[in-house]
Amino acid sequence: MAAAATRNIYVFRHNSLADCRTWLEKIRARDGDNAVMVVTQALFPTEGDTPGLAPMQALCQQFQATLLVDATDDLGAFGPPGHGVLDAQDMRGKLDLVTAGFPGLSGGFVACRDAKTKAYLRAFGSTAEPSEQLTPVQASGVLKALEVIQGAEGEALGRRLSGNIETLRAALATAGFECHGQAGPAVCVKIGGEALLRLLARRLPEAGLIAEALEFPAVAHGEARIRLNVRAAHTAEQISRAVGALKAASQAARQELVQLNSGRDRLRAAG
């Protein structure tokens with residue numbers, strides 16, 4: 001979408017405020033008038049980490065840039081109240097632009113502080129090609145979900161989810177696995193090489209485990225991982241079984257990889 005609007009797109013290093021500053025300095029050195037937008041996520045689902053939103057917003061203000069934060073992956077699922085990273089960092093109502101989609105439903109929202117921006121979005125936002133109106137049923141579902149998040153039921157579900165996340169990460173550590181980032185609903189387990197990931201991933205459905213296999217270009221070469229999505233409804237028994245299944249599949253995949261590599265080396269030696 002950005003490439004369709006402008007050729008002036010620059011990518012700063014993941015979660016690096018210093019690299020973001022470097023790019024802003026370069027841009028403003030040659031263009032002090034045109035608008036600049038910095039885009040980030042509140043929670044990075046493949047890394048399991050979050051940016052410091054307050055210093056990033058301050059940096060954008062310093063260079064007269066607009067900060068856009070995508071909260072799709074954390075809203076309703078991060079922190080005990082379910083209000084996401086913005087609430088956890090005390091940044092609700094303090095960011096230039098916040099957007100999020102509704103998983104499982106079409107549509108989403110854009111929130112901002114500036115009245116002129118709100119008026120512009122109301123007038124021209126629906127003209128974008130992929131934009132569409134929410135149906136009454138979809139709108140009702142979203143409103144009900146927001147009602148749950150902000151009520152006692154949401155608080156209870158949030159506490160249960162946080163407990164399940166801690167239980168899963170602890171069980172993974174005991175089983176010898178290492179996780180990326182901080183505790184969140186998407187738990188990314190380090191695997192390493194792409195070949196091992198593929199041998200591991202194909203075993204998971206048979207073990208009754210649904211997980212996402214992430215490899216290049218979604219992540220860097222040699223940093224493949226399995227992403228487990230935790231729910232409040234998961235039980236301790238289910239979490240234990242999932243970790244056991246992942247450990248067994250990992251061991252079998254490693255053994256197969258050794259055999260495959262050994263066979264390849266023999267073929268090369270035979271010439």
Original post:
Want the number for THR22 to ALA183: 0.36 nm per residue separation, take away the alpha-carbon distance, what's left?
Top reply: 55.0 nm
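For ALA236 and ILE9, calculate 0.36 nm times their separation in residues minus their Cα-Cα distance, and state this gained length in nm to one decimal. If you can, show how the numbers build up before the last one.
On the way: separation 227, 0.36 × 227 = 81.72 nm, distance 4.53 nm.
Gain on stretching ALA236 to ILE9: 77.2 nm.
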Original post:
Percentage of Cα-Cα pair distances in the range 2-150 greater than 19 Å, rounded to whole percent?
Top reply: 59
Original post:
HN-Hα J couplings of the range 177-190 from phi, Karplus 6.51/-1.76/1.60, θ = phi - 60°, integer Hz, Gly and Pro as x?
Top reply: 9, 10, 10, 7, x, 9, 5, x, x, 9, 9, 9, 9, 5
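What percent antiparallel are the DSSP beta bridges of the range 2-150, to the nearest 5? Walk me through the numbers on the way to the answer.
Values: 6 of 14 bridges.
Antiparallel bridges: around 45 percent, rounded to the nearest 5.
Counting DSSP beta bridges in the chain, what percent are antiparallel, to the nearest 5? Write out the running numbers ahead of the final one.
Values: 16 of 24 bridges.
In the chain, DSSP labels about 65 percent of beta bridges as antiparallel.
Before rounding to the nearest 500, sum -39500 (n - 2.57) across all DSSP H runs of length at least 4 in the chain and divide by the residue total; then give [θ] at 222 nm in deg cm²/dmol.
Working: 9 runs with 124 residues, N = 271.
It comes out at -14500 deg cm²/dmol, rounded to the nearest 500.
Full-extension gain between ALA173 and ARG30, please, as 0.36 nm times their residue separation minus the C-alpha to C-alpha distance. Walk me through the intermediate numbers first.
Details: separation 143, 0.36 × 143 = 51.48 nm, distance 4.92 nm.
In short, 46.6 nm is gained.
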Original post:
Using the count of nearby Cβ atoms within 10 Å as a rough guide to exposure, how do PHE177, PHE109 rank from fewest to most?
Top reply: PHE109, PHE177
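Which value does Rg/Rh take for the chain over its C-alpha atoms, Rh per Kirkwood? Mind dumping the intermediate values first?
Numbers: Rg = 22.0 Å, Rh = 21.3 Å.
Taking Rh as the inverse mean 1/r over Cα pairs, Rg/Rh reads 1.03.
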Subject >> Distance (nanometres) between label positions extended 7 Å along Cα→Cβ at GLU206 and ASN261 >> reply: 2.2
Subject >> Viscosity 1.306 mPa s, temperature 10 °C, Stokes-Einstein D of the range 154-270 from Kirkwood C-alpha radius, µm²/s >> reply: 105
**OP:** Report the label-to-label distance for VAL110 and GLN64 in nanometres (one decimal), using points 7 Å from each Cα along the Cα→Cβ vector.
**Re:** 2.2
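Laboratory data are not the source of any read-out in this text; all were calculated from the coordinates shown. Everything numeric here is computed off the predicted structure, so don't read it as measured data. We place every Cβ from the backbone using ideal geometry, glycine too, and count neighbours over all the protein chains shown.
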